[in-house]
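The values are calculated or read from the model by the stated rules, or taken from the named source; none is laboratory data. Remember, predicted model here, so these are calculated numbers, not experimental data. Note that we place each Cβ from the backbone using ideal geometry, even for glycine, and neighbour counts take in every protein chain shown.
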Amino acid sequence: MTLQSMTGYAHEEGNLGALRWTWELRSVNGRGLDARVRVPAGFERLEQEIKKRLSEVFKRGNIQVNLNVQREEKKVEAVVNQNVLDAALALAKKLSSEIDAEPPRIDGILNIRGVLEFSEPVPDEATIKAEHSAILESLDSAIAALSAMRQSEGEKIGGFLGAQIDGIEALAQKADSDPSTEPENIAKRLATQVRLLLDTGVELDEDRLHMEAAILASKADIREEIDRLFTHVAACRSLMEEGGAIGRRLDFLAQEFNRESNTICSKSNAASVTAAGLELKVLIDQFREQIQNLE
């Protein structure tokens, strides 16, 4: 599986008979999948199906979906309201027996409010079903285009992440190979400090002093942190090969990277190791920033 970014855009147009429509899909970063759908009046029944189709393809991202619909040919029909017409004719007949007046003319009857109504024809259920089916088929094309764009962006991010993982590994190796991290060098440095303390003439418990020195030597050893960094590097590469929605798992590993680099800096007793630790922190921040764009 390939990596997917959470940012992308898709535009799709379609038509069926007199009906024309346009899909617009916009996707940005999100903690989960949040689809916001806007459809015109009369198409509300499509909303749940739209969200369902999105969830089948995407796992994360805030996705805005807009459907614009337009009917090019709007035929207006004139419809006689039979009830109003019957009432008007009945009244005219009643009045004709009471007053001397000419019979009502057709144009006069049609001008009576409510007798003649104008309306656009309403599509029957079969037409509506066919239109909705075509619109959803067009949505599938828009979703595919959005997915392709997110994958393209994901491949670029994957390249950046791969380089950053290599950089993290190189800095971990640099700290690991620094002479100051060798147990013998740590022991020699502490032995020298202990000897200097004993030479001051101040009365000290020599056994206790050596015990504290041993504890400090153990705390100054960054072997465990380096090993964990290498383990996390291997886990990142494995996830990158797996692909798919790995953003959250990579983010967890970025937190672990940061924890180990902080510990290395706090344990360091050499400027070169501290410098490597600080470079690690900068690279890890960049790594984590790129991850926020991944699904």
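Summary of computed values
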read-out	value
Residue 251 surrounded by 12 or more Cβ atoms within 10 Å (Cβ to Cβ), of a type outside the set (Val, Ile, Thr), under 30 Å from residue 289 (Cβ atoms) and modelled with pLDDT under 90	no
Pair list, Cβ under 7 Å, 6 or more apart: segment 127-147 residue closer than 15 Å to residue 8 by Cα and assigned by TED's automatic domain parsing to the domain that holds residue 47, other residue polar (S, T, N, Q) and surrounded by 14 or more Cβ atoms within 10 Å (Cβ to Cβ)	146/27
Candidates 264, 284, filtered to the one that is modelled with pLDDT of 95 or more and not charged (D, E, K, R)	284
Strands (runs of 3 or more DSSP E) enclosed by segment 1-99 - at least 2 residues per element that are closer than 30 Å to residue 246 by Cβ	8-16, 19-28, 33-38, 61-71
Hey, residue 170 part of a helix (DSSP H, G or I) and modelled with pLDDT under 90 or not	no
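Condition check ((1) at pLDDT 95 or above; (2) in contact with an Asp or Glu (Cβ under 8 Å, 6 or more places away or on another chain)) across all residues:
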residue	(1), (2)
3	no, yes
11	yes, yes
19	no, yes
31	no, no
36	yes, no
51	yes, no
